[in-house]
1. Looking at (1) farther than 15 Å from B:VAL134 by Cα; (2) surrounded by fewer than 21 Cβ atoms within 10 Å (Cβ to Cβ); (3) touching a Ser or Thr at 6+ places or on another chain (Cβ under 7 Å), which is the one condition that is false for B:VAL47?
2. Restricting the search to the stretch B:264-303, which residues are closer than 26 Å to B:LYS45 by Cα, assigned to a helix (DSSP H, G or I), of a type in the set (A, V, I, L, M) and touching a helix residue (DSSP H, G or I) at 6+ places or on another chain (Cβ under 8 Å)?
3. Against the conditions (1) surrounded by fewer than 20 Cβ atoms within 10 Å (Cβ to Cβ); (2) among the small types (Gly, Ala, Ser); (3) assigned to a helix (DSSP H, G or I), where does B:GLY222 fall short? Just the number, please.
4. Suppose we filter the stretch B:255-273 for residues that are over 19 Å from the mean Cα position of the chain (by Cα), in contact (Cβ under 8 Å) with a residue 12 or more places away in the chain and loosely packed, with under 15 Cβ neighbours inside 10 Å; how many remain?
5. Mind checking which residues of the stretch B:171-219 are out of contact with any strand residue (DSSP E or B) (no Cβ under 9 Å at 6 or more places or on another chain), in a helix (DSSP H, G or I) and crowded, with 24+ Cβ neighbours inside 10 Å?
6. Regarding B:VAL277, is this residue of a type in the set (A, V, I, L, M), in contact (Cβ under 8 Å) with a residue 40 or more places away in the chain and away from chain A (no Cβ under 13 Å)?
7. Run down A:ALA53, A:ALA67, A:ALA36, A:ALA130 and say which single residue is within 13 Å of another protein chain (Cβ to nearest Cβ) and at pLDDT 95 or above.
Amino acid sequence: MPPVIALDAERISRSLMRIAHEILERNHTSSVEELALVGIRQRGVPLAKRIAANIQSITGRAIDAGALDITLYRDDLMRQPVGHQPIVRSTEIPFSIDDRRIVLVDDVLYTGRTIRAAIDALIDFGRPAAIQLVVLVDRGHRELPIKPDYVGKNLPTSREESVRVRLQEIDGDDEVVIDHGGN
Amino acid sequence: MAATEPSASLAGRHLLGIADLSPADIALVLDTADAMKEIGGRAIKKVPALRGRTVVNLFFEPSTRTRMSFEIAEKRLSADTLNFAASTSSVSKGETLADTARNLEAMQPDIIVVRHASSGAAHLLSRVCRARIVNAGDGMHEHPTQALLDAYTIRERKGTLAGLKVAIIGDLLHSRVLRSNLLLLTRMGAEVWTCGPATLLPPGIAAYGARVTASMDEALEGADVVMMLRVQHERMKGMFLPSLREYFTLYGLTEARLARAKADVIVMHPGPMNRGVEIDSAVADGPWSVILDQVSNGVAVRMAVLYLMVGGGDGAERGSGAPRATEPGGVQGPPPESKDEISS
């Protein structure tokens, strides 16, 4: 089977605007300044920036957006029998997260292990008032008790399939594609 | 970027010298160190990457900077650390290096960081130990993590290593820092000038691809980076220098001399400094000096090295991570000096 386009640029853009509105609605009791977005490397980072820009266009107020690399918190770091250590990229959270409402942003939610690592990493930076989770795609197959607060699209998949998110800032265009395993 | 090339990896390898590292390996360490440096600025300066791993710091020579730097790096990565100082150990009762190492091995460390007065000590350990070995300075041979942290510091200030004029000045003969830096800097495309008194020139230094001059002014002319080396009195058994005062007159770095270098020159020193011998205090504490940056960057670079080396699972697979010698005389070649010296 050929790859299937699950979301095109237009749908991605609309999803991110809807999510921006949902974040504001859900957190209406607190001020916009209490919110901060943290994207998980790689593709959560541009998504977080776009949602932050959307929130700014809605409210007229700037919102902090950071980048988190979770490599050093991975639970499989020392388990690969052969092969190289995963590349560690920089974490950039140039603001205090203490008592803030932190919205984690990632592209695909799958086993939930990345989010577990991200929560652990965040908590080493301070004590946020709350942590919420945005994902562009939830493809199911959770191995940990983790549930997203905001979802771009639920995409039921089999484990053999892989979900590829392409973003302008990294890949040159916006697209979510499902590749079917075993061709 | 070179760092993402699949060929670059330190997983399962020893770090015995820069001689074994490809330019891609070096770029991988420097890029990883960038990410590690940020951890040092956090409120909680610790990540769980090496949780449950054991690192032994095996220091047969006095060292404050390097040993503490490794220890902080290990702790920031959550490794368990054991410190071994020769003066308080069974070495003083006559145990050989290999026997000391085998006994430590029985406690199953994952990495052994070794500093020893004999060139080739780290190579010897890499042959008798299952643990991965990090050379933290072996005699007059190599000190790879120092060269990596120097390269990191240069790259941080200058953006690149390629095309820079780097002057390395001082006691070239006794310097493992020189050897590691020469290998690394020439490999990364820098133009290296070495300068020192004729009595302190190592034989065959030109083979490293560096320019050699006895004139400090020539070495400094238009330099982007000046790296001063310590006069190593403790390794000088003969008459190498007429007097320290004469040495300072001819090879001491002063503000007046430094004027020949580029306006944005940086001055480096691996420490410990002999103020008034190889470097004037006004320079060591001046705006050109990045000497303390070198110390902070050392922690990030050592974190990067430890993280990258520990990859590749546990002992059973270690055989597959055989060191790749990139040139004759690399890891698998003979150690630079006779083995007899080592078992002292």
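The values are calculated or read from the model by the stated rules, or taken from the named source; none is laboratory data. Everything numeric here is computed off the predicted structure, so don't read it as measured data. For neighbour counting, all protein chains shown are included, and Cβ atoms are generated from backbone atoms with ideal geometry for every residue, glycine included.
1. Evaluating B:VAL47 over (1) farther than 15 Å from B:VAL134 by Cα; (2) surrounded by fewer than 21 Cβ atoms within 10 Å (Cβ to Cβ); (3) touching a Ser or Thr at 6+ places or on another chain (Cβ under 7 Å) leaves (2) as the failure.
2. B:ILE291, B:VAL295, B:VAL299, B:ALA300, B:VAL301, B:MET303
3. The number of the failed condition is (3).
4. Within the stretch B:255-273, residues that are over 19 Å from the mean Cα position of the chain (by Cα), in contact (Cβ under 8 Å) with a residue 12 or more places away in the chain and loosely packed, with under 15 Cβ neighbours inside 10 Å number 2.
5. B:LEU184
6. yes
7. The conditions single out A:ALA67.
Here is a yes/no grid of residues against (1) assigned to a loop (DSSP other than H, G, I, E, B); (2) modelled with pLDDT of 90 or more; (3) surrounded by 15 or more Cβ atoms within 10 Å (Cβ to Cβ):
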{"position": "B:ARG67", "(1), (2), (3)": "no, yes, yes"}
{"position": "B:SER92", "(1), (2), (3)": "no, no, no"}
{"position": "B:ALA98", "(1), (2), (3)": "no, no, yes"}
{"position": "B:ASN103", "(1), (2), (3)": "no, no, no"}
